[in-house]
Number of protein chains: 2
Amino acid sequence: MNKEILKDFIQRVWNEGDISAISEYLADSYHVMHDPGDPWNGMTLDVAGFQNRVSISRAPVPDQRFEIQSLFENEDSVCMTWLWKGTHLGEIAGIPPTGKTLHMSGATVYFFENNKISGHWQVADRLSIFQQLQANRSQ
Amino acid sequence: MNKEILKDFIQRVWNEGDISAISEYLADSYHVMHDPGDPWNGMTLDVAGFQNRVSISRAPVPDQRFEIQSLFENEDSVCMTWLWKGTHLGEIAGIPPTGKTLHMSGATVYFFENNKISGHWQVADRLSIFQQLQANRSQ
């Protein structure tokens with residue numbers, strides 16, 4: 001069941017950018033346990049804080065899409081491996097928009113409490129994004 | 001059961017560097033399905049090829065250890081999230097050894113055929129390693 005909840009959450013919140021849907025999925029307190037390179041790494045967020053994170057994260061790549069590769073479910077957590085792509089239309093890490101498509105991949109463990117998402121542990125292939133940004137800038 | 005096999009494989013092969021044990025765990029053909037930044041990304045390896053990969057990968061960080069964070073099992077695959085650390089004692093990407101401890105994290109889906117490991121899909125936080133190497137070099 002948590003698998004299905006997570007699929008809906010990714011589609012509505014991260015792919016479609018519907019931040020008003022976040023309150024349906026989030027626990028009262030959301031902990032970014034491990035997410036190296038993410039500005040919110042280590043923080044505990046409420047719904048408003050998570051809405052802010054999604055808005056800021058999606059702004060430079062507004063057509064971004066997570067394509068789920070596989071889902072694994074344990075009792076209180078779901079692990080999702082994913083591909084991601086989107087068009088670079090806003091500044092990222094000081095690099096102005098290039099209009100190029102960016103590609104990334106990653107894996108995220110989402111933790112659940114009573115079928116609400118209470119945090120994540122994530123690794124993303126940020127070196128590829130860094131290299132794509134550098135390559136696009138120098139063209 | 002595949003979870004237990006994987007734990008033994010990680011301990012003996014990757015942590016202890018016992019490449020003679022690889023033949024006990026590997027299928028005849030091992031496919032590196034997705035591993036951005038890994039020199040063997042996309043390749044299909046036999047046991048000798050995999051032994052070569054482990055030897056070359058471990059050489060600059062011979063005391064390296066994977067610490068398993070979580071394991072998830074589906075029918076024919078196991079997903080493992082991990083922390084990694086080791087001492088930088090050999091050249092990596094042209095950067096001479098610094099003697100510093102390197103830290104990395106990642107997630108790997110291992111695929112099984114008849115309880116033998118036939119490939120993996122992996123993402124590692126290589127940007128952190130790149131940043132640690134740059135920082136250590138400039139000290």
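Here are a few things to note about the model shown:
- Three-way shape call for the range A:42-104 based on the alpha-carbon gyration tensor, with the a/c threshold at 1.5: oblate
- Our coupling estimate for the range A:106-115, obtained by passing each phi through the Karplus curve with A = 6.51, B = -1.76, C = 1.60 and θ = phi - 60°, is x, 9, 9, 9, 9, 9, 10, 10, 6, 6 Hz, Gly and Pro reported as x.
- Exceeding the 26 Å Cα-Cα cut-off - candidates B:Lys7/B:Lys85; A:Lys85/B:Lys100; A:Lys3/B:Lys3; A:Lys3/B:Lys85; A:Lys3/A:Lys85: A:Lys85/B:Lys100; A:Lys3/B:Lys85
- For B:Asn41, the point set 7 Å out from Cα toward Cβ sits 2.0 nm from its twins in the other copies, listed from shortest up.
- Prolate/oblate/rounded label for the range B:1-73 (Cα gyration tensor, a/c 1.5): rounded
- Note, ³J(HN,Hα) from phi for the range A:21-28, Karplus 6.51, -1.76, 1.60, rounded to Hz, x at Gly and Pro: 7, 4, 4, 6, 10, 8, 5, 4
- Backbone phi angles across the range B:66-81, fed through the Karplus curve with coefficients 6.51, -1.76 and 1.60 (θ = phi - 60°), yield HN-Hα couplings of 8, 10, 6, 8, 7, 10, 10, 10, 9, 4, 10, 8, 10, 9, 10, 9 Hz in residue order; Gly and Pro are listed as x.
- Proportion of all alpha-carbon pairs of chain B beyond 27 Å (%): 17 percent
- The packing ranking, built from the mean of other Cβ atoms within 10 Å per residue, places the peptides A:7-17, A:72-82 in the order A:72-82, A:7-17, highest first.
- Proximity of backbone amide H atoms, modeled 1.01 Å from N, is registered between B:His31 and B:Leu45, B:Gly119, B:His120 at under 5 Å, excluding neighbours fewer than 5 places apart on the same chain.
- Three-way shape call for the protein assembly as shown based on the alpha-carbon gyration tensor, with the a/c threshold at 1.5: oblate
Any read-out appearing in this document is the output of simple, stated calculations on the displayed coordinates, not a laboratory observation. All figures in this text were calculated on a predicted structure; none of them were measured in a lab. Neighbour counts are summed over all protein chains in view; Cβ atoms, including those assigned to glycine, are modelled from backbone coordinates with ideal geometry.
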